[in-house]
Amino acid sequence: MSNLRDTASIEKAFQHAKDRYAALGVDVNVALKALESIPVSVHCWQGDDVQGFEHDSEKLGGGIAVTGNYIGKARSIDELRSDLEKAFSLLPGKHRLNLHAIYGEFIAPTDRNEIGPEHFQGWIDWARQQQVGLDFNPSFFSHENANDGFTLSHTDAGIRNFWVEHGIASRQIGEAFGAALETPCVTNFWVPDGFKDTPADRRAPRERLAASLDEIFAQELDPQRHLDAVECKLFGIGSESYVVGSHEFYLGYAISRNKLLCLDAGHFHPTEVISDKISSVMMYLPEILLHVSRGVRWDSDHVVTYSDELQAIAQEIVRGNYLDRVHVGLDFFDASINRVAAWVIGTQNMIKALLTALLEPTQQLKQLEIEGDYTSRLAMMEELKSMPFGAVWDYYCLSSGVPIGLEWLESVKQYENSVQKHRSNISETV
């Protein structure tokens, strides 16, 4: 942590930054207070390469691939929780944890359609102790009933019913999370169904998917405890030509069934961005879920960096006044670097982007636009890029009691040397 002289320097730089922003009509303290209220849902699967803790876990499938073999992969729930605690301890603010169904505590072999809240009681207890909320995802992949690439839209009614039962069970688990922790759990549905080559019938699988989802969502759940989200995708590994749950399919489904739409930053064409979609879908949906990721040429789920698109996503949330209607989650997995560091880097960047957006003189920018003064609008937008945002970020970390600058990296390296490097590295490059 910073010594007293560093603290004085940080506070001095912060005061200078406050003055600079005040000259633009921005109250930095108001921005920081707003930032403290925005939780980021951190995904559990970065810690163990999406393997989960089912008995006799299979290799990944269903359009998911993780590359890399860095030391220290979590091999048990206890190790995963230890890594998560380390990551959360280095992040300013209070956040959430996003779990997949394959991360339950299964003492005996339990198939996906048999899971229940009892298999996640340990996570509820842990979340209560850590003071974090929980979100959830059914796992429609890496299972013998998904080997041909189809689940909820399968032609076999028995297989469809198996996955419907899994979806219903997942909602019950999510509701239990929300009830126990007194904060709504967002349960997000993504299914990998699709064809590698051109299909002869695009309609029937979508009709079957809609019918299966309607079965899953038949029971109304208290929105104070539980929220449903559905996630679209353009293509995946093994479904390059056709994905049943396309953007248009799920947009229509979410609007007609009053569900959250999940926009994943890697699930569209490389030239598309989800920042441009937020204001459109928010016109017709009360709430949405974001899976913030970084695709490199394809949906490759790289660690989130402080990119133009990340900043644009945060700007749209703030400029549109959507902070209470957008649920921000992360979705990436990188086994080529320290997994805890990947969590910290990606989550920090999401928080930084939100802070940058909150430090904009939004109303002034909008007024200039209304007046047609695009010259001043552009000049102000460009001036904001060189404002002392870093000084505000350092102060936020200082006031939150977390490391400043790259101090967090030294903490992760010490954790790697004392804890992670002693784990048997049984992971394989997939």
>> So the check is Cβ under 7 Å with 6+ separation or different chains; which pairs have a first residue in segment 127-156 that's touching a residue at least 12 places away in the same chain (Cβ under 8 Å) and closer than 30 Å to residue 202 by Cα and a second one that's buried (at least 21 other Cβ atoms within 10 Å of the Cβ) and of a type in the set (Asp, Glu)?
In response: 149/193; 150/193; 151/193; 152/193; 153/193
>> Against the conditions (1) touching a Pro at 6+ places or on another chain (Cβ under 7 Å); (2) closer than 26 Å to residue 321 by Cβ, where does residue 252 fall short? Just the number, please.
In response: (1)
>> Pairs needed: first member in segment 247-272, surrounded by 21 or more Cβ atoms within 10 Å (Cβ to Cβ); second member anywhere, of a type in the set (Lys, Arg) and at pLDDT below 95; C-beta distance under 8 Å; at least 6 residues apart or different chains.
In response: none
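To keep it simple, each residue is scored yes or no on (1) touching a helix residue (DSSP H, G or I) at 6+ places or on another chain (Cβ under 8 Å); (2) assigned to a helix (DSSP H, G or I); (3) among the hydrophobic types (A, V, I, L, M, F, W, C); (4) over 24 Å from residue 42 (Cα atoms).
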| residue | (1), (2), (3), (4) |
| --- | --- |
| 206 | yes, yes, no, yes |
| 220 | no, no, no, yes |
| 223 | no, no, no, no |
| 249 | yes, yes, yes, yes |
| 268 | yes, no, yes, no |
| 273 | yes, no, yes, no |
| 278 | yes, yes, yes, no |
| 289 | no, no, yes, no |
| 300 | no, no, no, no |
> Can you tell me which residues in segment 95-134 are in a loop (DSSP other than H, G, I, E, B), modelled with pLDDT of 95 or more and not β-branched (Val, Ile, Thr)?
Replying inline: 95, 104, 105, 106, 111, 116, 131
>> Tally up the residues in segment 153-186 that are under 19 Å from residue 104 (Cα atoms) and either of a type in the set (A, V, I, L, M, F, W, C) or at pLDDT below 95 (or both), please.
In response: 13
>> Exactly one of these conditions fails for residue 233: (1) part of a loop (DSSP other than H, G, I, E, B); (2) touching a His at 6+ places or on another chain (Cβ under 7 Å); (3) closer than 18 Å to residue 135 by Cα; (4) not hydrophobic (A, V, I, L, M, F, W, C). Give me its number.
In response: (3)
>> Being over 26 Å from the mean Cα position of the chain (by Cα) and of a type in the set (Val, Ile, Thr) is the requirement here; does residue 151 meet it?
In response: no
>> So residue 428 passes all but one of these: (1) among the charged types (D, E, K, R); (2) part of a loop (DSSP other than H, G, I, E, B); (3) modelled with pLDDT of 95 or more. Which condition number does it fail?
In response: (3)
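The values are calculated or read from the model by the stated rules, or taken from the named source; none is laboratory data. Quantities reported herein were computed from a predicted structural model and do not represent experimental measurements. In this analysis, Cβ positions are derived from the backbone assuming ideal geometry, glycine residues included, and neighbour counts consider all displayed protein chains.
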